[in-house]
Every structure is written in structure tokens, then in C-alpha cells.
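The structure under discussion appears below in the form of C-alpha cells.
Bear in mind that the values in this text are calculations on the coordinates, not laboratory data. Here the structure is a predicted model, which means the values were calculated and not measured. A quick note on method: Cβ atoms are made from the backbone with ideal geometry, for glycine too, and the neighbour counts reach across all protein chains shown.
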Amino acid sequence: MIFPKDTREELDAFYGKHVIGADGKPTAKWEQEHLQLFKVPYPLTLSFDKTVTVTRIRCHKLVGESLIHIFEQILEHFGNLEEVKRARVHLYGGCYNFRPIKDSVRLSTHSWGAGIDLDPERNGLGKPHDPTKGMMSLDVVKIFEKEGWKWGGRFKSRPDCMHFQAAR
């Protein structure tokens with residue numbers, strides 16, 4: 001699939017313009033029309049509360065099947081859950097979250113359910129990719145990119161190695 005450019009106009013046109021309620025957040029109707037729960041092929045661990053296991057991800061309905069296919073490929077690439085865990089690709093930092101990009105007024109692709117963060121602890125915002133420090137596996141990056149997703153580790157102004165988005 002060819003995803004939209006990472007501009008507000010193209011994201012709105014492709015994923016649906018947010019209808020904002022009185023609380024400043026998208027309405028339940030917008031969320032019901034555009035978001036869906038998808039079952040992941042292996043259990044994820046919530047990165048900021050490792051006692052929580054995640055088996056379904058809430059994301060935009062237009063990216064869900066692609067995202068599940070990516071997780072299936074990750075599992076196939078590493079061979080088993082233990083190797084996925086060794087690569088830390090089971091550590092889930094979130095997907096749908098209506099919010100601006102950190103230190104910006106521009107909405108994050110997470111706001112449309114079209115961004116996902118994996119292993120935020122080792123792949124912190126602003127840290128250039130360094131595989132010697134156990135950061136994001138470039139094999140995982142290739143899997144996402146083959147599916148048309150963009151890796152935040154390639155952002156020029158401020159790398160975000162935990163982040164993948166269905167926007168170019």
C-alpha cells in the first residue's frame with residue numbers, strides 16, 4: 001500500500017479528518033469509524049508497565065492488516081518468541097494516541113492510529129541509531145519499510161528510532 005505524505009492535509013484526506021469534541025479530543029464517533037482492534041501474532045509487553053501483556057492493538061483500520069503482517073514477518077524472521085524478545089521487538093510503546101509530536105504543535109501520526117513505538121527505552125527520541133547499544137534491529141526496519149512504513153530513525157531533524165509510521 002502507498003501511504004500518504006506526512007502532512008496534516010494528506011493524513012486527514014487518507015485517514016479521515018478528526019472531528020473534535022468539547023474535550024479537545026476526537027469524538028467517539030470518529031474513533032468508531034476509523035479505528036479498529038487487531039490481534040497481534042505474538043504477545044507484546046507494555047514497555048512502561050511490564051506486568052501488562054498486549055494481545056490486540058488499536059490502530060487505524062487502513063493500517064491494521066499491514067501492521068499485523070509486519071508482526072508476522074518479524075516472528076518469522078526471528079524464528080520464535082524468545083528471539084523476538086532478545087531483539088526487544090515485543091516491547092510496545094503505543095499506537096493510537098491523539099497528541100502532538102513532542103515539543104511541537106503538529107499532530108503525531110499516532111493521532112490517526114498510523115504510528116507505532118517499539119522498545120522506547122533503548123530507542124529514545126533524539127538518539128541517533130547505534131546498533132552497538134542494542135537499538136532497533138535494522139532487520140526489523142527493513143520489514144517495516146518493505147511494507148511501506150517509514151522509520152523514525154531516518155528522520156533528519158530528530159531521530160526517533162522507536163517510531164514507525166504509515167506515512168511517507
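Over the stretch 23-85, what is the mean sequence separation of C-alpha contacts under 8 Å (at least six apart), divided by residue count, expressed as relative contact order in percent? Working shown, then result.
Values: 58 pairs, mean separation 19.4, N = 63.
31 percent.
In degrees between 0 and 90, to the nearest 10, how far off the longest principal axis of the chain does helix 64-78 point, with axes built from Cα atoms?
10 degrees
Between Thr45 and residues 5 or more places away or on another chain, which pairs have amide H atoms under 5 Å apart, with H built 1.01 Å from N, and which residues are they?
When sequence neighbours closer than 5 places are left aside, the close amide H contacts are Val54, Leu91, Tyr92.
Taking 8 Å as the Cα distance limit and 6 or more residues as the minimum spacing, I'd like the relative contact order of the chain as a percentage.
Relative contact order for the chain comes out at 21 percent.
When only Cα pairs under 8 Å and 6 or more residues apart are kept, what is the percent relative contact order across the stretch 85-168?
On the way: 155 pairs, mean separation 23.5, N = 84.
This gives 28 percent for the stretch 85-168.
What is the P(r) of the stretch 8-165, as percent of Cα-Cα pairs per 5 Å bin from 0?
P(r) for the stretch 8-165, in whole percents per bin: 2, 9, 18, 23, 21, 15, 8, 3, 1, 0.
Taking a temperature of 25 °C and a viscosity of 0.890 mPa s, what whole-number D in µm²/s does Stokes-Einstein yield for the stretch 1-76 with Rh from Kirkwood over alpha carbon pairs? Don't skip to the end; give the middle numbers.
Details: Rh = 14.3 Å.
So the translational diffusion coefficient is about 172 µm²/s.
So, in nm, how far is label Leu81 from label Glu145 when the simple model puts each one 7 Å beyond its Cα toward the Cβ?
Going by the 7 Å Cα→Cβ label model, 3.1 nm.
Calculate for the chain the 222 nm mean residue ellipticity that helices alone would give, adding -39,500 (n - 2.57) per DSSP H run of length 4 or more and normalising by residue count, nearest 500 deg cm²/dmol.
On the way: 5 runs with 45 residues, N = 168.
Calculated at 222 nm, the ellipticity per residue is -7500 deg cm²/dmol.
Can you tell me what share of the DSSP beta bridges in the chain is antiparallel? A percent to the nearest 5 is fine.
Details: 16 of 18 bridges.
Looking only at bridges with both residues in the chain, the antiparallel portion is about 90 percent.
Among the lysines, which have Cα under 23 Å from the Cα of Lys85 when same-chain residues fewer than 8 positions away are ignored?
Answer for Lys85, where 23 Å is the Cα cut-off: Lys39, Lys50, Lys127, Lys133, Lys142, Lys146, Lys150, listed by chain and number.
Quick one: if the Förster radius is 25 Å, what FRET efficiency do Leu107 and Asp23 give, using the C-beta to C-beta distance and rounding to 0.05? Kindly include the intermediate steps, with their values, before the conclusion.
Values: r = 16 Å, r/R0 = 0.64.
Here the calculated transfer efficiency is 0.95.
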